[in-house]
Amino acid sequence: MTLFDVSGLGSGHVPYDEALRHQRAVHAEVSSGAAPDTILLLEHESVFTAGKRTSPDERPTDGTPVIDVDRGGKITWHGPGQLVGYPILRLAEPIDVVGYVRWLEEVLIGVLHELGVPGERVDGRSGVWLRGDTAAPNGTGRDEKIAAIGIRVAEGVTMHGFALNCSNSLDAYDTIVACGIRDAGVTTISRVLGRTVTPVDVAPLVRDALDRALADPASSPVAAARHTEPTAGQPTAQPAHPTTQEVAA
């Protein structure tokens, strides 16, 4: 069973520090077995967050404060109009962090296709993209990122997650080098479709897509979907994962 917490949607924008405290508390409960796998879906107040690999020249040019966080990846923006998801999931052994990121990408690509947005992967770059020839209307000819992913795995349980641009302004991206990528742009679902599509509109699609994907034992990355009872007299295998791992977005 996966618990979906959507209390951060439609009831005001959640400050990043508040969400991070909540995320860490849930992570501790999932790690200890006191809580089931949980996914937080929310919108943040406007904020820049920087992963461990962010360099000084990628930070805001106007001195805007940045919150440094313990995830993979570089600097990005969160704020109103962007759907943020924090899956807190116990991964199956052996843990495949890159495989988990690719699984998240595939889920988001499927949601975008439901909406009529041709999202896809770009070789060598994490997240979900629109190719330069499809990033319309008013495209720049460059590839444009529509969803960013930056995660951390600690004690075999994921945290941080994805940010899907729905109806947000893109102005904040003008002051940073988003995700450390200088030769590409960013876009939103609303911009691509030419109509307003909000996080509240998209969240049910994301929730349903995650629910289906998590329940599929053939492709789900979580331990719960692959659980089998040990045969009589057979000891339960102990996890052999590193303490922490991060993957860039």
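The values are calculated or read from the model by the stated rules, or taken from the named source; none is laboratory data. On a predicted model such as this, the values are computed, not experimentally measured, just so you know. Positions of Cβ are generated from backbone atoms using ideal geometry, with glycine treated the same way; all protein chains shown enter the neighbour counts. Each accessible area value is taken on the protein alone, full model and side chains, heavy atoms only, with ligands, DNA and RNA left out. Shrake-Rupley method; radii C 1.70, N 1.55, O 1.52, S 1.80 Å.
Surface analysis of the stretch 3-65 yields an accessible area of 50 Å² per residue, using protein heavy atoms and a 1.4 Å probe. The simple spin-label model puts a point 7 Å past each Cα toward its Cβ; for E93 and E45 those points are separated by 4.2 nm. Dimensions of the stretch 45-164 along the principal axes, based on C-alpha atoms and rounded to the nearest Å, stand at 44, 38, 26, largest first. With the simple spin-label model, which puts each label point 7 Å out from Cα in the Cβ direction, the R53 to L170 separation comes to 2.4 nm. Highest mean packing comes first when the peptides 147-159, 117-129 are listed by Cβ atoms within 10 Å, giving 147-159, 117-129.
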